[in-house]
2 protein chains.
Amino acid sequence: MVNPSLIGIIAAFLTTVAFVPQVLRVIQTRDTHAISLWMYLLFSTGLALWLVYGLLLWLWPVIIANSITLFLALIVVYFKIQETLRANS
Amino acid sequence: MVNPSLIGIIAAFLTTVAFVPQVLRVIQTRDTHAISLWMYLLFSTGLALWLVYGLLLWLWPVIIANSITLFLALIVVYFKIQETLRANS
């Protein structure tokens, strides 16, 4: 039997940890040229709203997964903005 | 009053459409150098599992949002693999 909750947990884990190699790559290389700032701004806003949703309904998996992903996404946003400012200076 | 469902819908919309500017950027520039292949492989696997989760529990917002995001993420995977193969040839 397939357990939907188990699949959901694995899915949430993967869509969260997926951002770890991206963050490591950006920190190591300082290269964010191919990365879309708009993507990360929209994505981070969406994650922040998922976090609000989780807090309102007190859904702890939603709160935990989206807090971690938001933290990771904001690191990418930080390096992308740094690069954009450098390019414009 | 804050409606949690409305916040969830806006959150799902933003985390899905976020990938549109990234896909457009990759198609236009063919540049995927700063993008982590591991991120998109893990993320796509996670989205596929979210899709299975949505299909098992017949949650149509989960099915729709994750189908679209998976489609967009796989376009980035395609271009990233193309670039990786080019770089290794």
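Structure notes:
- When the residues of the stretch A:28-68 are filtered to those that are touching a residue at least 40 places away in the same chain (Cβ under 8 Å) and more than 9 Å from chain B (Cβ to nearest Cβ), the one that is farthest from the chain's Cα centre (by Cα) is A:Arg30.
- Any hit, the stretch B:8-18, residues being part of a helix (DSSP H, G or I), modelled with pLDDT under 95 and open to solvent by 80 Å² or more (accessible area, probe 1.4 Å): yes
- Which numbered condition A:Ser5 fails, given (1) modelled with pLDDT of 95 or more; (2) surrounded by fewer than 20 Cβ atoms within 10 Å (Cβ to Cβ); (3) under 23 Å from B:Leu49 (Cα atoms); (4) at the interface with another protein chain (Cβ under 9 Å from one of its Cβ atoms): (1)
- B:Leu42 being within 19 Å of A:Ala11 (Cα to Cα), in contact with a helix residue (DSSP H, G or I) (Cβ under 9 Å, 6 or more places away or on another chain), surrounded by fewer than 19 Cβ atoms within 10 Å (Cβ to Cβ) and among the aliphatic types (A, V, I, L, M): no
- Any hit, the stretch A:24-34, residues being surrounded by fewer than 20 Cβ atoms within 10 Å (Cβ to Cβ), outside any loop (DSSP other than H, G, I, E, B) and among the acidic types (Asp, Glu): no
The values are calculated or read from the model by the stated rules, or taken from the named source; none is laboratory data. Predicted model, so just to flag it, every value in this text is computed and none were measured. For neighbour counting, all protein chains shown are included, and Cβ atoms are generated from backbone atoms with ideal geometry for every residue, glycine included. Heads up: the accessible areas ignore ligands, DNA and RNA and are worked out on the full protein's heavy atoms, side chains in. Shrake-Rupley method; radii C 1.70, N 1.55, O 1.52, S 1.80 Å.
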